[in-house]
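Input: a single structure, listed below in structure tokens.
Derivation of every value follows stated rules applied to the coordinates shown; laboratory data play no part. Remember, predicted model here, so these are calculated numbers, not experimental data. Neighbour counts are summed over all protein chains in view; Cβ atoms, including those assigned to glycine, are modelled from backbone coordinates with ideal geometry.
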């Protein structure tokens, strides 16, 4: 791990200003992803801004009837919140499907959204990777791609976003609240938060330099059956090959997003109109234009079957 | 700095070590070596393992990552001070800013019950209780926990007054090599508390009803603790016994 300086931020605005002031600064909250990557020198911050002391660790009801989740709410606490369990079950289920008890105790809401890809070439500093070292090339294309994206990638990068929680947030139309170094605040819909890799896969999301996530808000509950089904290479504590987050209504309508297949939670609202025609129709529309490799073409079939299982579970 | 030489000889860690040792003033190296020797007069399993790790480090070939490091700036390691409450006692520490909670426990406080397995949060051998909750001590920095309450396996029970889980692991033979055991036991103690609080898991049928602690629940909730000897069925038996006593 390379040397760094360290400070404890006292307010969100101060943290953002500090991040903009020091070149190579990074925020640290749970640290479960950042420290892993710092040990491998995939991440090499010169300065860490510890945001754990900020007053951003509560879940509050909004005037609109939704919930405002502080960015520092730990994954365990978010999944355990009785309002989340009752009204946003897909979110509780998605969080509980990810990582381990130890990691969920530390990982935060914002940190979960911001976690980096688990593409093996991103992790291997001996290999080219456009996400880690811009312009160095993509080792995954033509490499081992079983875990990687089948849709939404580019000729520069086919990494997936690893989060389960973000898939549920996308289904729920969550909004991300931030503060910038100049103190300005803004709200980013999660649909606009993750950036397609294009020619600059080193930029994961829409945040500007130094911009700090302060909360994630959920609109008022939409009812329905909430399901999250995750398929992986072992029964627990593994990243998704394919996951399906769904909220399905008694009238047959619903919302669907996929994890494990793209650089972001993959939702195509138009595909949800296909729900009355069944899983194959929905998946066909969701994954239209997919460009799988020989190694991961199975994900297209797996996504269709997992969705089929979810729809059957909702009817049961 | 003696403890730093005991780090894992894997991958970039070896590269990091050689750079650190090379940058250290010569007098410090001698001092460290003398300390190492004095402690190794009585040859223990630990000192043998440590000597092996240092040898492996010395043999590690330079890698691309090392070349990248050389091109990086000349930033010097920063010192930090932090006070942790470990097993009920306040411990003031002066350490390298980069020190993880795991290394602070093992290398600075000589609490070697907490084990370093993967050092990346994947195996759970380093599990300790941080303010009562189980965490991977390898994935957090000591400096981030000034004033925090840490409980390690040494604080959970003593040889004469075992924690119920320690006694149950012995009774059910919940280990072979024993390396994952402190992490398993710390994790299990917090896991039972999570169940008592009504926190559901991935395999809980209902999100709103209180979870019932089945074998399936224990396996899911303990998935952050790997046992490469494969003592899982006995580990589950030990936890079931303690959970049954609690119910």
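Assorted remarks:
- Taking the number of Cβ atoms within 10 Å of each Cβ as an exposure proxy, the fewest-first ranking of A:125, A:117, B:81, A:306 is B:81, A:125, A:306, A:117.
- Among A:101, A:245, A:254, residue whose mean-square fluctuation peaks in a GNM of chain A (springs only between Cα atoms under 10 Å): A:101
- Cα gyration tensor, region A:190-316 - rounded (a/c under 1.5), prolate or oblate: oblate
- Fraction of the pair-distance distribution of region A:1-159 above 20 Å, Cα-Cα pairs, percent: 60
- For A:46-55, mean number of other protein chain Cβ atoms within 10 Å: 2
- Dividing the summed helix terms, -39500 (n - 2.57) for each DSSP H run of n ≥ 4, by the number of residues in chain A produces a 222 nm estimate of -7000 deg cm²/dmol to the nearest 500.
- The packing ranking, built from the mean of other Cβ atoms within 10 Å per residue, places the peptides A:158-169, B:174-185, B:191-202, A:179-190 in the order A:158-169, B:174-185, B:191-202, A:179-190, highest first.
- Shape of region A:145-240, Cα gyration tensor, a/c cut at 1.5: oblate
- One compactness figure for the protein assembly as shown is 0.98, namely its Cα radius of gyration divided by 2.2 N^0.38 Å.
- Peptide A:32-40 has a mean shielding of 5, counted as Cβ atoms of other protein chains within 10 Å of each residue's Cβ.
- Three-way shape call for region A:156-203 based on the alpha-carbon gyration tensor, with the a/c threshold at 1.5: oblate
- Which of B:127, A:46, B:89, A:304 has the fewest Cβ neighbours within 10 Å, and the rest in rising order: B:89, A:46, A:304, B:127
- Label-to-label distance, nm, for residues given as residue A:21 and residue B:94 (7 Å Cα→Cβ offset): 2.7
- Fraction of beta bridges assigned by DSSP in chain A that are antiparallel (%, nearest 5): 80
- Counting only DSSP beta bridges with both residues in the protein assembly as shown, the antiparallel share comes to about 85 percent.
- Within a Gaussian network of chain A (alpha carbon springs, distance under 10 Å), most fluctuating of A:263, A:12, A:63: A:63
- Mean partner shielding of peptide B:217-224, defined as the number of other chain Cβ atoms within 10 Å of each residue Cβ, is 4.
- In whole percents, the pair-distance distribution calculated for region A:71-146 from its alpha-carbon pairs, binned every 5 Å from zero, is 3, 15, 19, 15, 10, 12, 13, 8, 4, 1.
- The Cα atoms of chain A define a convex hull whose projected area, averaged across directions, is 15.6 nm².
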